[in-house]
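Structure record follows, encoded as C-alpha coordinates.
The values are calculated or read from the model by the stated rules, or taken from the named source; none is laboratory data. A quick note: this is a predicted structure, and the numbers were derived from the prediction, not measured. Using ideal geometry, Cβ is built from the backbone for each residue, glycine included, and neighbour counts are taken over all protein chains shown.
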Amino acid sequence: MAHDLLVRGLDDEVHSKITDASEHLGMSVNAIIKDAADKWVSQLGKERHRHDLILYSDDESLKYLLSKMDELTEANWSKICCGPPNHLGITTLRKLDWFDGTIKPYERFYQNPTEYAKKLIQSVPKTAKNKQLLIAAFLTGDLAKNSVKESAKFCEWYDKQHVPGITHCIALTKTIMQDKIEDILDLFNCHEQVFIVKNKKLHRLRVSEENFYSLIL
(Lines give C-alpha, C1' and ligand atoms only; values in the text may rest on other atoms or scores of the structure.)
Protein backbone atom coordinates (compact mmCIF):
# COMPACT_ATOMS: atom_id res chain seq x y z
CA MET A 1 0.00 0.00 0.00
CA ALA A 2 1.45 3.37 -1.03
CA HIS A 3 1.57 6.23 1.47
CA ASP A 4 2.13 9.97 1.05
CA LEU A 5 5.19 11.56 2.67
CA LEU A 6 5.49 15.30 3.23
CA VAL A 7 9.08 16.58 3.12
CA ARG A 8 9.70 19.81 5.03
CA GLY A 9 12.82 21.94 5.45
CA LEU A 10 14.41 21.70 1.99
CA ASP A 11 16.32 24.90 1.31
CA ASP A 12 16.08 26.72 -2.02
CA GLU A 13 19.38 25.34 -3.35
CA VAL A 14 18.49 21.70 -2.69
CA HIS A 15 14.99 22.18 -4.09
CA SER A 16 16.42 23.81 -7.22
CA LYS A 17 18.91 20.98 -7.77
CA ILE A 18 16.21 18.34 -7.41
CA THR A 19 13.99 20.22 -9.87
CA ASP A 20 16.86 20.52 -12.38
CA ALA A 21 17.64 16.82 -12.00
CA SER A 22 13.97 16.02 -12.55
CA GLU A 23 13.97 17.87 -15.88
CA HIS A 24 17.33 16.42 -16.96
CA LEU A 25 16.47 12.80 -16.10
CA GLY A 26 12.86 12.95 -17.18
CA MET A 27 11.76 11.80 -13.71
CA SER A 28 9.25 13.42 -11.42
CA VAL A 29 10.49 15.06 -8.22
CA ASN A 30 8.40 12.51 -6.34
CA ALA A 31 10.20 9.62 -8.09
CA ILE A 32 13.64 11.06 -7.26
CA ILE A 33 12.81 11.48 -3.57
CA LYS A 34 11.19 8.01 -3.42
CA ASP A 35 14.30 6.47 -5.02
CA ALA A 36 16.56 8.22 -2.47
CA ALA A 37 14.35 7.02 0.40
CA ASP A 38 14.34 3.44 -0.92
CA LYS A 39 18.15 3.42 -1.14
CA TRP A 40 18.48 4.83 2.40
CA VAL A 41 16.10 2.23 3.83
CA SER A 42 17.97 -0.57 2.02
CA GLN A 43 21.14 0.39 3.93
CA LEU A 44 19.48 0.04 7.34
CA GLY A 45 20.89 -2.88 9.29
CA LYS A 46 23.99 -3.14 7.13
CA GLU A 47 27.34 -2.68 8.80
CA ARG A 48 28.69 0.72 7.88
CA HIS A 49 32.31 1.03 6.81
CA ARG A 50 33.99 4.26 5.75
CA HIS A 51 37.64 5.30 5.71
CA ASP A 52 38.44 8.94 4.89
CA LEU A 53 41.47 11.21 4.93
CA ILE A 54 41.17 14.70 6.40
CA LEU A 55 44.02 17.19 6.00
CA TYR A 56 44.09 20.30 8.17
CA SER A 57 46.06 23.47 7.44
CA ASP A 58 46.93 24.57 10.99
CA ASP A 59 46.13 24.06 14.67
CA GLU A 60 43.13 26.38 14.69
CA SER A 61 41.61 24.54 11.72
CA LEU A 62 42.18 21.23 13.51
CA LYS A 63 40.48 22.42 16.68
CA TYR A 64 37.48 23.69 14.72
CA LEU A 65 37.27 20.39 12.79
CA LEU A 66 37.28 18.36 15.99
CA SER A 67 34.67 20.58 17.63
CA LYS A 68 32.36 20.06 14.63
CA MET A 69 32.95 16.29 14.61
CA ASP A 70 32.06 16.18 18.29
CA GLU A 71 29.00 18.38 17.84
CA LEU A 72 27.65 16.31 14.93
CA THR A 73 27.98 13.03 16.84
CA GLU A 74 26.54 14.16 20.15
CA ALA A 75 24.00 11.36 20.53
CA ASN A 76 24.22 7.58 20.02
CA TRP A 77 27.85 7.53 18.88
CA SER A 78 30.86 5.75 20.32
CA LYS A 79 33.78 8.14 19.71
CA ILE A 80 37.36 6.91 19.79
CA CYS A 81 40.66 8.66 19.12
CA CYS A 82 44.16 7.23 18.75
CA GLY A 83 47.59 8.63 18.00
CA PRO A 84 50.64 10.26 19.63
CA PRO A 85 49.67 10.98 23.27
CA ASN A 86 50.77 14.63 23.13
CA HIS A 87 49.24 15.41 19.73
CA LEU A 88 46.88 18.41 19.81
CA GLY A 89 44.14 16.25 18.32
CA ILE A 90 44.37 13.65 21.08
CA THR A 91 44.55 16.17 23.93
CA THR A 92 41.61 18.11 22.46
CA LEU A 93 39.39 15.05 22.05
CA ARG A 94 40.22 13.79 25.53
CA LYS A 95 38.87 17.08 26.89
CA LEU A 96 35.70 16.43 24.88
CA ASP A 97 35.36 13.04 26.62
CA TRP A 98 36.29 10.89 23.64
CA PHE A 99 37.67 7.47 24.52
CA ASP A 100 41.44 7.39 23.98
CA GLY A 101 42.07 4.00 22.37
CA THR A 102 45.81 4.56 21.98
CA ILE A 103 47.64 1.42 23.10
CA LYS A 104 50.63 2.04 25.35
CA PRO A 105 53.52 2.20 24.93
CA TYR A 106 52.78 4.15 21.76
CA GLU A 107 56.38 3.65 20.55
CA ARG A 108 55.43 0.11 19.50
CA PHE A 109 53.48 1.64 16.63
CA TYR A 110 56.72 2.71 14.94
CA GLN A 111 58.22 -0.77 15.33
CA ASN A 112 55.33 -2.56 13.61
CA PRO A 113 52.40 -0.35 12.54
CA THR A 114 50.09 -3.15 11.37
CA GLU A 115 50.57 -5.33 14.45
CA TYR A 116 49.92 -2.30 16.64
CA ALA A 117 46.78 -1.47 14.66
CA LYS A 118 45.52 -5.07 14.89
CA LYS A 119 45.44 -4.78 18.67
CA LEU A 120 43.69 -1.44 18.37
CA ILE A 121 41.06 -2.91 16.03
CA GLN A 122 40.45 -5.85 18.38
CA SER A 123 39.60 -3.44 21.19
CA VAL A 124 37.05 -1.50 19.11
CA PRO A 125 34.00 -3.84 19.48
CA LYS A 126 34.35 -3.77 23.27
CA THR A 127 34.29 0.01 23.24
CA ALA A 128 31.49 0.58 20.72
CA LYS A 129 28.66 -0.87 22.87
CA ASN A 130 26.23 -1.23 19.93
CA LYS A 131 26.50 2.45 19.02
CA GLN A 132 27.59 4.00 15.74
CA LEU A 133 31.37 4.14 15.71
CA LEU A 134 33.57 7.11 14.83
CA ILE A 135 37.36 6.83 14.99
CA ALA A 136 39.64 9.88 14.74
CA ALA A 137 43.10 8.48 13.97
CA PHE A 138 46.29 10.53 13.94
CA LEU A 139 48.50 7.54 13.03
CA THR A 140 48.67 8.31 9.30
CA GLY A 141 50.10 11.78 9.79
CA ASP A 142 52.59 10.49 12.34
CA LEU A 143 53.96 7.86 9.93
CA ALA A 144 54.02 10.39 7.09
CA LYS A 145 56.55 12.53 8.97
CA ASN A 146 59.16 10.00 7.90
CA SER A 147 57.55 8.51 4.80
CA VAL A 148 54.27 9.16 3.02
CA LYS A 149 54.91 5.92 1.12
CA GLU A 150 54.90 3.90 4.35
CA SER A 151 51.86 5.82 5.51
CA ALA A 152 50.04 4.90 2.28
CA LYS A 153 50.96 1.21 2.70
CA PHE A 154 49.62 1.27 6.24
CA CYS A 155 46.35 2.94 5.17
CA GLU A 156 45.94 0.48 2.30
CA TRP A 157 46.27 -2.39 4.79
CA TYR A 158 43.85 -0.72 7.22
CA ASP A 159 41.26 -0.19 4.50
CA LYS A 160 41.22 -3.93 3.79
CA GLN A 161 40.35 -4.68 7.43
CA HIS A 162 36.84 -3.24 6.96
CA VAL A 163 36.73 -1.76 10.43
CA PRO A 164 33.07 -0.98 11.25
CA GLY A 165 31.88 2.60 11.44
CA ILE A 166 33.68 5.68 10.16
CA THR A 167 37.43 6.14 10.43
CA HIS A 168 38.88 9.57 9.74
CA CYS A 169 42.64 9.59 9.24
CA ILE A 170 43.60 13.14 10.21
CA ALA A 171 46.92 14.71 9.22
CA LEU A 172 48.63 18.08 8.79
CA THR A 173 48.52 19.12 5.13
CA LYS A 174 52.17 20.12 4.81
CA THR A 175 53.29 16.80 6.30
CA ILE A 176 51.51 14.89 3.54
CA MET A 177 52.31 17.23 0.66
CA GLN A 178 56.07 17.19 1.22
CA ASP A 179 56.70 13.86 -0.51
CA LYS A 180 56.62 12.37 -4.02
CA ILE A 181 53.41 12.93 -5.94
CA GLU A 182 52.97 9.18 -6.64
CA ASP A 183 53.10 8.42 -2.91
CA ILE A 184 50.62 11.21 -2.16
CA LEU A 185 48.23 9.84 -4.80
CA ASP A 186 48.58 6.33 -3.36
CA LEU A 187 47.62 7.72 0.04
CA PHE A 188 44.63 9.55 -1.40
CA ASN A 189 43.46 6.50 -3.37
CA CYS A 190 43.30 4.14 -0.39
CA HIS A 191 40.71 6.40 1.25
CA GLU A 192 37.08 6.68 0.24
CA GLN A 193 37.09 10.47 0.45
CA VAL A 194 39.72 13.18 0.93
CA PHE A 195 38.94 16.47 2.66
CA ILE A 196 40.93 19.60 3.46
CA VAL A 197 40.04 21.88 6.37
CA LYS A 198 41.18 25.49 6.19
CA ASN A 199 39.95 27.89 8.87
CA LYS A 200 36.26 27.06 9.23
CA LYS A 201 35.69 25.64 5.76
CA LEU A 202 35.71 22.01 4.65
CA HIS A 203 36.73 21.20 1.07
CA ARG A 204 36.30 17.83 -0.61
CA LEU A 205 39.01 16.76 -3.07
CA ARG A 206 38.01 14.64 -6.04
CA VAL A 207 41.01 12.65 -7.25
CA SER A 208 40.46 10.37 -10.23
CA GLU A 209 42.48 9.20 -13.21
CA GLU A 210 41.34 10.97 -16.36
CA ASN A 211 41.91 10.74 -20.10
CA PHE A 212 43.85 13.70 -21.53
CA TYR A 213 40.78 14.45 -23.65
CA SER A 214 39.36 15.89 -20.42
CA LEU A 215 41.63 18.90 -20.94
CA ILE A 216 39.66 20.06 -23.96
CA LEU A 217 36.19 18.56 -23.51
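Numbers below:
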quantity	calculated
Tally of residues being under 19 Å from ASN76 (Cα atoms) and among the aliphatic types (A, V, I, L, M) across the range 91-147	8
Residue within the range 178-186 that is surrounded by 12 or more Cβ atoms within 10 Å (Cβ to Cβ), in contact (Cβ under 8 Å) with a residue 40 or more places away in the chain and under 26 Å from LYS63 (Cα atoms) present	no
Every residue from the range 194-217 that is of a type in the set (A, V, I, L, M, F, W, C), at pLDDT below 95 and outside any loop (DSSP other than H, G, I, E, B)	LEU205, PHE212, LEU215
Any hit, the range 56-77, residues being modelled with pLDDT under 95 and small (Gly, Ala, Ser)	yes
Near pairs, Cβ below 6 angstrom, 6+ apart or cross-chain, from the range 199-213 (over 15 Å from ASP59 (Cα atoms)) to any residue that is surrounded by 10 or more Cβ atoms within 10 Å (Cβ to Cβ)	HIS203/ILE196; ARG204/PHE195; LEU205/VAL194; VAL207/PHE188
Conditions (1) out of contact with any His (no Cβ under 6 Å at 6 or more places or on another chain); (2) over 20 Å from HIS87 (Cα atoms); (3) part of a helix (DSSP H, G or I): number failed by PHE154	(2)
Test: residue in the range 158-172 that is under 23 Å from PRO85 (Cα atoms) and either free of Cβ contacts under 8 Å to residues at least 60 places away in the same chain or surrounded by fewer than 18 Cβ atoms within 10 Å (Cβ to Cβ) (or both)	no
Pairs with Cβ under 8 Å, 6+ apart, first in the range 111-135 and loosely packed, with under 13 Cβ neighbours inside 10 Å, second polar (S, T, N, Q) and at pLDDT 75 or above	LYS129/SER78
Identity of the residue in the range 54-100, in a loop (DSSP other than H, G, I, E, B), of a type outside the set (S, T, N, Q) and under 18 Å from the mean Cα position of the chain (by Cα), that ends up surrounded by the fewest Cβ atoms within 10 Å (Cβ to Cβ)	GLU74
Residues located in the range 101-114, provided they are touching a Phe, Trp or Tyr at 6+ places or on another chain (Cβ under 9 Å), part of a helix (DSSP H, G or I) and not β-branched (Val, Ile, Thr)	ARG108, PHE109, TYR110, PRO113
Some residue of the range 166-173 being farther than 18 Å from LYS79 by Cβ, assigned by TED's automatic domain parsing to the domain that holds ASP59 and more than 14 Å from the chain's Cα centre (by Cα)	yes
